[in-house]
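Notes follow the structure.
The values are calculated or read from the model by the stated rules, or taken from the named source; none is laboratory data. Predicted, not measured: the structure shown is a model, and the values here were computed from it. Neighbour counts are summed over all protein chains in view; Cβ atoms, including those assigned to glycine, are modelled from backbone coordinates with ideal geometry. When the accessible area is computed, the model is the full protein with side chains, heavy atoms only, and any ligands, DNA or RNA have been set aside. Shrake-Rupley method; radii C 1.70, N 1.55, O 1.52, S 1.80 Å.
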Amino acid sequence: MRDNFLLRLAAALLALAPGVGCLNRDAASPEVETSVPAASAPCVYFKSLAPFLPEALEGFTVARTQGSTGKYGEVSVSEAERLFTRGEGREVKVRIVDTTMGGKIGQAIRDAAERAKEKAPSDPTAPIHWQDAVGFVRYDAEEALAEANLLVGERFVVAITSRGFPGTVEVRRVARGIDLAGLAKLQ
């Protein structure tokens, strides 16, 4: 029950819309930036997270890149996100988050990965246990929605979501393409 609460909390934090400081870029508009000084939050500034987002995904177009660093009451959150789209209603979103809630979210991710460790590596929802990351993978066949949530370097949450794919292969492929070792070293 507690783990489900923490996973819902993690999802809610990951769903926060960019707030106090933003970087928005899409094909139709130039880069717009409003930012909070990095010293105002105990998280890595979003501009330091953005270089770890994939620049491109083969066959996809970058639809939007955004990021923010802000404080919401007692919680500080810094995030960078890039959305890739492709015809046929397919999309992939990559979000990197650093937050003061990271300890609790990280524990929830570790617990979910641990509970799924008996799954065979060929299972599309088998957990991820890599050198610099641990995570869990989900797939909703009815919605054709896959997600991989990784804890990187015991601090950062990397969430990869795909829509319109028949499994989890795409989120796993994208996760493997991210410089997780470099992100884990970020301070």
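Some values worked out for this structure:
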{"read-out": "From Arg115, Arg163, residue being modelled with pLDDT of 95 or more and open to solvent by 70 Å² or more (accessible area, probe 1.4 Å)", "value": "Arg163"}
{"read-out": "Condition check for Thr100: of a type in the set (S, T, N, Q), under 18 Å from the mean Cα position of the chain (by Cα) and at pLDDT 95 or above", "value": "no"}
{"read-out": "Looking only at segment 118-133, and only at residues there that are open to solvent by less than 60 Å² (accessible area, probe 1.4 Å) and assigned to a strand (DSSP E or B), the one that is nearest to Lys71 (Cα to Cα)", "value": "Ala133"}
{"read-out": "Number of positions in segment 161-179 that are within 20 Å of Asp132 (Cβ to Cβ) and in contact (Cβ under 8 Å) with a residue 60 or more places away in the chain", "value": "5"}
{"read-out": "Among residues of segment 134-148, those that are touching a strand residue (DSSP E or B) at 6+ places or on another chain (Cβ under 7 Å), part of a strand (DSSP E or B) and either hydroxyl-bearing (Ser, Thr, Tyr) or open to solvent by less than 70 Å² (accessible area, probe 1.4 Å) (or both), counted", "value": "9"}
{"read-out": "Hits in segment 136-165 - residues which are of a type in the set (Gly, Ala, Ser) and in contact with a helix residue (DSSP H, G or I) (Cβ under 6 Å, 6 or more places away or on another chain)", "value": "Ala146, Ala148, Gly153, Ala159, Ser162"}
{"read-out": "Residue that is surrounded by the most Cβ atoms within 10 Å (Cβ to Cβ), among those in segment 85-112 that are in contact with a helix residue (DSSP H, G or I) (Cβ under 8 Å, 6 or more places away or on another chain) and part of a strand (DSSP E or B)", "value": "Ile96"}
{"read-out": "Qualifying residue in segment 76-84 (condition: touching a residue at least 12 places away in the same chain (Cβ under 8 Å) and either farther than 26 Å from Pro51 by Cα or in a helix (DSSP H, G or I) (or both))", "value": "no"}
